[in-house]
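Data block below; observations after.
Values in this text are rule-based calculations from the coordinates and carry no lab data. This one's a predicted model, so the numbers in the text were calculated from it and none came from an experiment.
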Amino acid sequence: MLKTEHIYFQHEEQIILNDITTSFEKGSHTTITGPSGSGKSTFLKLLASLLTPTKGAITFNEQNITALTPESYRMQVSYCFQQPSLFGKTVRDSFMFPYEVRKKEFQENHVLNLLKEVKLPESYIDKKITELSGGEKQRVALIRNVIFLPEVLLLDEVTAGLDEESKAIVNQWLLQLNQEKNITLIRVTHDPEEIAQATIVKKIVAGSLEETE
């Protein structure tokens with residue numbers, strides 16, 4: 001479903017990614033591992049169309065992503081940042097954003113159900129962003145990414161810095177999205193437990209794809 005062909009990425013004189021060819025099947029759960037600074041997050045940003053390859057092609061459902069508008073592609077391939085960025089003053093404001101960009105009516109019951117899925121009270125819909133803990137902000141940000149289910153979730157160390165309870169809640173919910181909703185998960189992580197949860201592990205070392213398990 002999502003494929004890279006001979007991807008290179010260079011910043012000034014430094015080659016960050018070197019000839020990466022790989023693919024991700026619909027409904028798969030892949031973890032990308034490797035040492036810090038090896039190019040994992042850069043690779044994820046290329047998949048998200050947040051960066052453009054220096055050379056090579058990325059295809060989604062057999063279509064080069066350069067032929068798609070960034071907006072239409074990102075509605076199907078959704079990128080989740082390590083540091084959540086929430087909009088407006090309240091949780092409701094952040095949840096309304098996906099509806100506004102699609103020109104759709106806000107469905108409060110739908111987002112209330114999503115809050116319950118990540119173990120947050122329904123009353124949090126009107127909670128101020130500034131009153132949320134780091135783990136709560138990340139859960140709200142992840143909900144925003146799946147209010148309209150994407151085909152692919154790209155997760156860049158989304159549990160880094162979370163307490164153990166928040167991490168467990170997020171990981172269980174992501175597994176549920178993968179197994180019950182058939183959302184393709186591609187995540188960068190250093191966490192051994194999260195690596196073990198994946199069905200496929202790809203390793204990037206010094207900008208090259210070293211092995212696939």
Fill in the blank from the handout: Karplus-derived 3J(HN,Hα) from phi for region 190-207 (6.51 cos²θ - 1.76 cosθ + 1.60, θ = phi - 60°), whole Hz, x at Gly and Pro, runs 9, 6, x, 5, 5, 4, 5, 6, 6, 8, 10, 10, 10, 10, 10, 10, 6, x
Exercise for the section: Once you've got the GNM for the chain with C-alpha springs shorter than 10 Å, pick whichever of 182, 18, 61 has the biggest mean-square fluctuation. Expected result: 61
Fill in the blank from the handout: Residue by residue through region 28-34, the couplings from Karplus 6.51 cos²θ - 1.76 cosθ + 1.60 with θ = phi - 60°, in Hz, x for Gly and Pro, are 7, 10, 10, 10, 10, 10, x
Fill in the blank from the handout: For the chain, percent of DSSP beta bridges that are antiparallel (nearest 5) comes out at 55
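Using helices alone, I'd like the mean residue ellipticity at 222 nm for the chain: each DSSP H run of four-plus residues gives -39500 (n - 2.57), total over residue count, nearest 500.
Working: 7 runs with 73 residues, N = 213.
That calculation yields -10000 deg cm²/dmol at 222 nm.
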Exercise for the section: Choose one answer from 67, 57, 48: the residue with the largest mean-square fluctuation in a GNM of the chain with alpha-carbon springs under 10 Å. Expected result: 67
Completion exercise
Residues meeting the amide H criterion for residue 203 (H placed from the backbone, H to H distance under 5 Å, 5 or more places apart or on another chain) are 33, 210, 211
Completion exercise
Residue-ordered couplings for region 83-94, obtained by feeding phi - 60° into the Karplus form 6.51 cos²θ - 1.76 cosθ + 1.60 and rounding to whole Hz (Gly and Pro as x), are 9, x, 10, 10, 9, x, 9, 10, 4, 4, 4, 5
Exercise for the section: State the extension gain, in nm to one decimal, for the chain segment bounded by residue 163 and residue 196, taking 0.36 nm per residue of separation less the distance between their alpha-carbons. Expected result: 10.0 nm
Completion exercise
For residue 28, other-chain or 5+-apart residues with amide H closer than 5 Å (H placed, Pro excluded) are 185
Completion exercise
If amide H atoms are modeled at 1.01 Å from N in the peptide plane, then the residues at a separation of 5 or more from residue 127, or on another chain, having amide H under 5 Å from its own are 91, 92
Problem - GNM result for the chain, Cα springs below 10 Å: residue of 78, 133, 94 fluctuating most strongly - result: 133
